[in-house]
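Chemist: Provided herewith is a single structure, encoded as structure tokens, for subsequent inquiry.
The values are calculated or read from the model by the stated rules, or taken from the named source; none is laboratory data. Keep in mind that what you see is a predicted model, and the values were worked out from it rather than measured. We place every Cβ from the backbone using ideal geometry, glycine too, and count neighbours over all the protein chains shown.
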Amino acid sequence: MQRADHRANLAERLVTRDPERAAVCLRDGGLAVIPTETVYGLAADAAQPDAVSRIFELKGRPSDHPLIVHLASADELAHWASEIPATALTLADACWPGPLTMLLRRSDRVSDVVTGGRDTVGLRVPAHSLTHRVLELLGDRGLAAPSANRYGKVSPTTAQHVLDDIGELLDPERDVILDGGASPVGVESTIVDCTTYPPQILRPGGIPTESIADLLATPLAPASGPSRAAGMVASHYAPSATVHLVDRRADAIAAADRFRAAGLAVTVIDGTGDLVRYARNLYADLRAADDSGVTDVIAVMPPPLGLGHAIRDRLQKAAARP
Ligand code: TXA
Ligand code: MG
């Protein structure tokens, strides 16, 4: 079969819009790529260690980088966490369903494969109608899911991104990609460690740090201690092109001119006029840069406010050398 035909055939066999098919596949121990409001996740039933192990293999991800468990609603918290501090209840109430992950002390039900042996678990109730339906169909099961990209690469915000990255690694006989359209937020969830007081932001994300501090009516502590280590590596979300960071659009244009004069193919990414759109399009823009064959991307850093924290974090990691 020609390569294009093979890809079309693979897409036809893997991609569905039917949440029931995804739920059946997860119950049977397969993997389902699920749409969320942040990015697409590569999910397994958190109670099936063999299925969860396949996630690590497929992503090429170290086994000590724990996975977030996705739940249908905050009512499930007590099954998965052994202690639920008041801060967690406040945040769950205000932010779920939505782009917030909370680290809590884990319950006995949480498998070591999911947490890499840690005594905490990351929990999140995503806001996407199809994935919500899958979770409802699965009853009190949770879905362990990292972003559905190969380790260290740019996260996917469409089903097509997923097909491009890991389509060949999925098995149409037992896995599925649930297509829920483009992810509206575009950057991952904000991760808050609620096992400390004040809580710490481990990863800035779709819910601005300032909103979390307002909700808790306390300044947040800087990230430190053992929770911080897992997966918080300097280089991540990295396209193949080299990413350069500048603070102003004028600097980007001047740098682009210099690169072009030196014979390099370069593109500028600047969404600083509208941070919601900047976040939503960031990963698609980084992928488009690679697809167009440029060697260098010059990105304009937004100010460190609101979604700007998450965009700056992802751009810094995209620019860091592995
Ligand atoms: O928006 C999101 O959070 C997406 C969607 C799919 O929900 N998920 C996501 O997962 O970004 P992932 O695995 O790509 O990033 C989660 C990060 C990793 O750096 C992981 O190491 C960290 O959270 N993490 C998860 N559980 C943890 C724990 N118990 N302690 C410390 N870090 C944890
Ligand atoms: Mg990820």
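Chemist: Can you tell me which residues in region 281-302 are without any contact (Cβ under 8 Å) to a residue 24 or more places away in the chain and more than 17 Å from V39 (Cβ to Cβ)?
Modeler: D291, the sole residue that qualifies.
Chemist: Has region 127-135 got at least one residue that is surrounded by fewer than 24 Cβ atoms within 10 Å (Cβ to Cβ), hydrophobic (A, V, I, L, M, F, W, C) and within 24 Å of G186 (Cα to Cα)?
Modeler: yes
Chemist: Also: With respect to T272, determine if the residue is surrounded by 14 or more Cβ atoms within 10 Å (Cβ to Cβ) and in a loop (DSSP other than H, G, I, E, B). Quick ask: steps written out before the conclusion?
Modeler: Values: surrounded by 14 or more Cβ atoms within 10 Å (Cβ to Cβ): yes; in a loop (DSSP other than H, G, I, E, B): yes.
Against the criterion (surrounded by 14 or more Cβ atoms within 10 Å (Cβ to Cβ) and in a loop (DSSP other than H, G, I, E, B)), T272 qualifies.
Chemist: For region 1-51, name all the residues that are within 16 Å of ligand 2 (Cβ to nearest atom) and surrounded by 21 or more Cβ atoms within 10 Å (Cβ to Cβ).
Modeler: Within region 1-51, the subset within 16 Å of ligand 2 (Cβ to nearest atom) is 31, 33-44.
The answer is L31, V33, I34, P35, T36, T38, V39, Y40, G41, L42, A43, A44.
Chemist: I need a count of the residues in region 143-166 that are over 20 Å from Q48 (Cα atoms) and within 14 Å of ligand 1 (Cβ to nearest atom).
Modeler: Residues that pass the stated criteria total 15.
Chemist: Quick check on my filter: what residues within region 101-114 are touching a strand residue (DSSP E or B) at 6+ places or on another chain (Cβ under 7 Å) and away from ligand 2 (no atom under 16 Å from the Cβ)?
Modeler: Residues satisfying the conditions are M102, L104, R105, R106, S107, V110.
Chemist: Does region 246-256 contain any residue that is surrounded by 14 or more Cβ atoms within 10 Å (Cβ to Cβ), β-branched (V, I, T) and assigned to a helix (DSSP H, G or I)?
Modeler: Yes, region 246-256 has at least one match.
Chemist: Let me confirm something: among L215, L169, which residue is away from ligand 1 (no atom under 12 Å from the Cβ), touching a residue at least 60 places away in the same chain (Cβ under 8 Å) and within 30 Å of L26 (Cα to Cα)?
Modeler: So the residue among L215, L169 that is away from ligand 1 (no atom under 12 Å from the Cβ), touching a residue at least 60 places away in the same chain (Cβ under 8 Å) and within 30 Å of L26 (Cα to Cα) is L169.
Chemist: Somewhere in region 64-81, is a residue without any contact (Cβ under 8 Å) to a residue 40 or more places away in the chain, out of contact with any helix residue (DSSP H, G or I) (no Cβ under 7 Å at 6 or more places or on another chain) and not charged (D, E, K, R)? Show your work before the answer.
Modeler: The first filter runs over region 64-81 and keeps only residues without any contact (Cβ under 8 Å) to a residue 40 or more places away in the chain, leaving 75, 78.
From what's left, out of contact with any helix residue (DSSP H, G or I) (no Cβ under 7 Å at 6 or more places or on another chain): 75, 78.
Still in the running and not charged (D, E, K, R): 78.
Yes, some residue in region 64-81 is without any contact (Cβ under 8 Å) to a residue 40 or more places away in the chain, out of contact with any helix residue (DSSP H, G or I) (no Cβ under 7 Å at 6 or more places or on another chain) and not charged (D, E, K, R).
Chemist: Tell me, which residue of region 212-229 that is assigned to a loop (DSSP other than H, G, I, E, B) and under 21 Å from the mean Cα position of the chain (by Cα) is modelled with the highest pLDDT?
Modeler: Top of the filtered list is A223.
Chemist: Hey, could you check region 22-50 for residues that are aliphatic (A, V, I, L, M) and assigned to a helix (DSSP H, G or I) and say which is farthest from Y283 (Cα to Cα)? Spell out how you get there, then give the answer.
Modeler: First, the residues of region 22-50 that are aliphatic (A, V, I, L, M): 22-24, 26, 31-34, 39, 42-44, 46-47.
Among the residues that remain, those that are also assigned to a helix (DSSP H, G or I) are: 22-24, 26.
Values: A22: 25, A23: 27, V24: 30, L26: 27 Å.
Across region 22-50, the extreme among qualifying residues is V24.
Chemist: I need a count of the residues in region 58-78 that are away from ligand 2 (no atom under 16 Å from the Cβ) and within 17 Å of L137 (Cα to Cα). Full working, then the answer.
Modeler: Taking region 58-78 and keeping what is away from ligand 2 (no atom under 16 Å from the Cβ), we get 71-78.
Those still in the list that are within 17 Å of L137 (Cα to Cα) too: 71-76.
Number of matching residues: 6.
Chemist: Which one of these is more than 16 Å from ligand 2 (Cβ to nearest atom) and under 13 Å from the mean Cα position of the chain (by Cα): G139, G152, G122, G98?
Modeler: None of the other options fit; the residue is G98.
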